[in-house]
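Worksheet: one structure, shown below.
The values are calculated or read from the model by the stated rules, or taken from the named source; none is laboratory data. What you see is a predicted model; the values in this text were computed from it and never measured. Every residue, glycine as well, gets a Cβ built from its backbone with ideal geometry; the counts of neighbours run over all protein chains shown.
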Amino acid sequence: MINYRRHRRAIERMYEDRAMISRHEPVKDPVTKETKQVLQPVYEDQACKLSQTSLPRNGQTEAQNDIRFDAKLFIAPELEIRQGDVISVTRKATGQAETFSAGKPFPPYSSHQEIYLTAKGWA
């Protein structure tokens, strides 16, 4: 029989980063009465582990240099993370935050969940 609590504790010992998960939620403007999509925090200061899945790719054009970076996030299984959520991960090693867009989450394991992330930016 597998001891899932012990397995989860072992995985969570590797969590050295912190994540904030936000998503776009409809908010009604009290003045204009229009509904807009606003980025709202859902979870803050969640222990996690960010892992690189591929090297950053550059897409140089005459106008700009596009950068795309893929990663995988390991985080607690009870958190509901949706495709398109915005995840900001603060790395313990550098103290810098990186912002990603969440892909479709794989159904969580009993000990953790793995979420593919994509970062897009310009250099």
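Residues are listed down the side, and each one gets a yes or a no for (1) at pLDDT 95 or above; (2) within 23 Å of residue 93 (Cβ to Cβ):
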| residue | (1), (2) |
| --- | --- |
| 17 | yes, yes |
| 26 | no, no |
| 29 | no, no |
| 35 | no, no |
| 38 | no, no |
| 46 | yes, yes |
| 54 | no, yes |
| 65 | no, no |
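Under 7 Å between Cβ atoms, which residue pairs at least 6 apart in sequence (or on different chains) link something in region 1-22 that is closer than 13 Å to residue 97 by Cβ with a partner that is assigned to a strand (DSSP E or B) and of a type in the set (Lys, Arg)?
Short answer, once both residue conditions are applied: 17/49.
Cβ-Cβ below 8 Å, separation at least six or inter-chain, first residue in region 86-101 and among the polar types (S, T, N, Q), second assigned to a strand (DSSP E or B) and loosely packed, with under 13 Cβ neighbours inside 10 Å: which pairs?
Cβ pairs passing all conditions: 101/120.
Considering each residue of region 1-27, count those that are surrounded by 11 or more Cβ atoms within 10 Å (Cβ to Cβ) and in contact with a Ser or Thr (Cβ under 6 Å, 6 or more places away or on another chain), and give that number.
Residues that pass the stated criteria total 6.
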